[in-house]
């Protein structure tokens, strides 16, 4: 693996975004609450390696990851083993569950033990709900799911918002916890890949959650937005309301569908069609050809928009959707996407207070991550940078994160 075992340092870590179209690897140095990217690697996946965000050829993906990691290590001069991996795909479910707990002794102060009881109740409800949803969607009644990541998004005592309930008095404690779950087969494939690469897995993070967290929303309880991350095989959506992640949805339709359509309609190979799509996105082809491509992609764009509508309809617990849409991911660079979201009357049947404003997330917007390589410059770099942002809290912990309860309680105590 070339440089891969060249030098290891504890204050270095890496983010691995195993996408349908590309594997993206970032090596970064962690200083206090900041990640400085010092090495970047990208490797294109074969069509048979990934489908819809899911790994379909583990050996092929490991080979691609090795190449991306070697590129990053060559540039960084270090090869850390601590790693955060992103997970996406239709069967990755993220939702916020809120449980109200009536305290028998409202004048006593909330203790850590009491908090654990409340959180256990939330986790139990969330797990049963997610498993039931996956069973309904897949037709498998006993699909095995595992918790991917957890975070407290809202705590109230008698309707009063607090960041840490320990020590407060009150009767009604409500705790909202975001949980992301994924099928064991899906999670296991990523764990096998990291083992094959000799990496120490700090954590697997639901990518739309990481992207939503990357905007530094903890600093503002007013922050609200709909995040849409369009990759090669999936579109990932996260809704953030008043600083808390309400939930995440994903569907298996991304940039690869548009490339295949161009390949079919113009009689090109997949690689040639991808090149034409990029030239079209960068306005590097003549107007007549542009018009042909717009016409060719119209049907698929409408199907994609229907997917967005259906995903947002599932956020039934939200009274009003945020009137701000933030785009990222390689697929979002297709000009038709932003135009469709801005021009269409697709929002009429959804609970938006007003027509949403659509804009792109830029690498400079990602909180706590500095790009020392100066090579992270477009929409497809946001997700790996968001994973690096998540790694700041995780680096230094031993291997795979266990004991989600303790982790949540600790985050509240802090």
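Structure data summary
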quantity: Gap separating the Cα centres of segment 358-372 and segment 21-63, nearest whole Å; calculated: 18 Å
quantity: Gyration tensor verdict on the chain (Cα atoms; rounded if a/c is under 1.5, prolate if a/b is larger than b/c, oblate otherwise); calculated: oblate
quantity: Residue exposure sequence - 362, 100 - by fewest surrounding Cβ within 10 Å; calculated: 100, 362
quantity: Acute angle (nearest 10 degrees) that the helix 255-266 long axis makes with the longest principal axis of the chain, alpha-carbon atoms; calculated: 20 degrees
quantity: Neighbour-count order for 230, 119, 382, fewest beta carbons within 10 angstrom listed first; calculated: 119, 230, 382
quantity: Nearest 10 degrees, 0 to 90: helix 184-196 Cα axis against the chain principal axis; calculated: 70 degrees
quantity: Mean residue ellipticity (222 nm) of the chain, computed from DSSP H runs ≥ 4 via -39,500 (n - 2.57), nearest 500; calculated: -12000 deg cm²/dmol
quantity: Percent RCO, i.e. relative contact order, over segment 93-180, from Cα pairs under 8 Å lying at least 6 residues apart; calculated: 48 percent
quantity: Sequence of 308, 211 once ranked by neighbouring C-beta atoms within 10 Å, starting from the fewest; calculated: 308, 211
quantity: Part-to-part distance (alpha-carbon centres) for segment 152-175 and segment 250-273, which is given in Å; calculated: 49 Å
quantity: Segment 225-360 - percent relative contact order, Cα under 8 Å, separation 6 or more; calculated: 30 percent
quantity: Rounded to 5, the percent of DSSP beta bridges in the chain classed as antiparallel; calculated: 75 percent
quantity: Alpha carbon Rg of segment 93-180, scaled by the compact-globule rule 2.2 N^0.38 Å; calculated: 1.23
quantity: Relative contact order for the chain, counting Cα pairs under 8 Å that sit 6 or more residues apart, in percent; calculated: 20 percent
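Only the coordinates and a few stated rules stand behind these numbers; no lab work does. None of these values were measured; they are calculated from a predicted model. Cβ atoms come from the backbone with ideal geometry, glycine included; neighbour counts cover every protein chain shown.
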